[in-house]
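These notes are about the structure you will find just below.
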Amino acid sequence: MNLIKFIESFPDESSCRIKFKEFRDEQGVICRKCGSKDHYWLKTVEQYQCKQCKTRTSLRSGTVMQASNLPFRHWFIAIYLLTGTKKTFSALELQRQIGHKFYEPIWYMLQKLRMTMGSRDSEYQLDKIVELDEGFFESVDTEKDDDKKSTPKKRGRGSQKQTKVMVMASTVHVFNKIKKYNKPTKFRFV
Ligand SMILES: [Zn+2]
């Protein structure tokens, strides 16, 4: 999805909330008390209610957004940027772009998303075409500390406190049957 499409699809909080519920309904909600998968949707309070034991589950509960008070749209924007762009960005930059008052919840949101995306990748075994390259990662400073530093750092290859890491990505070449050529590589997992 490109940026224009993203903005058109999710112009406000309500469109994000509706989409998020669609995702949840696809996955299915499991009652944390009795394990039942049958729920009613209570529209007025925006919660699921277990048909067996009446336990209520909020829309965010049991998801990456659990315990966060940030708007759904903030999460959607962060997910869009994390998955749709190649360059990395800091929590401070995201806070500035979103225009959120506090730094901590934005930092926390990014941490959770990066962790979740990392564990998703670890569930898959690399196969098909495996591509290999070097990547540079911050080696000592946590991102949080890094954001608050004012001294500029050299960027890219050979900059301070960066560690070279071998990265392997599983990809597939998509063949265009009509025009009979290989489309650019489709990225799968790292
Ligand atoms: Zn239940």
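Segment T55..I129, full-extension length gain: 22.0 nm, with 0.36 nm per residue of separation and the alpha-carbon distance subtracted. In angstrom, the C-alpha Rg and Dmax of the chain are 20.3, 59.
Close amide H contacts of F189 (hydrogens built in the peptide plane, cut-off under 5 Å, sequence separation of 5 or more or a different chain): S170. Each Lys and Arg adds +1 at its Cβ and each Asp and Glu adds -1 at its Cβ; summed about the Cα centre, the chain shows a dipole of about 340 debye. What number, in percent, do you get for the relative contact order of region 1-108 if the mean sequence gap of Cα pairs under 8 Å and at least 6 apart is divided by its residue count? Here the relative contact order equals 19 percent. In this rough spin-label picture, where each label sits 7 Å from Cα along the Cβ direction, the Y103-R188 distance is 4.1 nm.
Packing here is the average count of other Cβ atoms within 10 Å per residue, and on that basis the peptides 105-115, 87-97, 165-175, highest first, run 105-115, 87-97, 165-175.
Per-residue ellipticity at 222 nm computed for the chain from its helices equals -10500 deg cm²/dmol, with DSSP H segments shorter than 4 residues left out and the rest contributing -39,500 (n - 2.57). Think of each Lys and Arg Cβ as +1 and each Asp and Glu Cβ as -1; about the Cα centre, that makes the dipole of region 51-141 roughly 900 debye. Once every Cα of region 58-126 carries one equal point scatterer and solvent is ignored, give the base-10 log of I(q)/I(0) from the Debye formula at q = 0.11, 0.23, 0.24 Å⁻¹, two decimals. Ignoring solvent entirely, the Cα scatterers give -0.27, -1.08, -1.15.
Where a number appears in this text, it was derived from the coordinates with a stated rule and is not lab data. Please read all numbers here as calculations on a predicted model, not as lab measurements. Ideal geometry is used to build each Cβ from the backbone, glycine not excepted, and the neighbour counts take in all protein chains shown.
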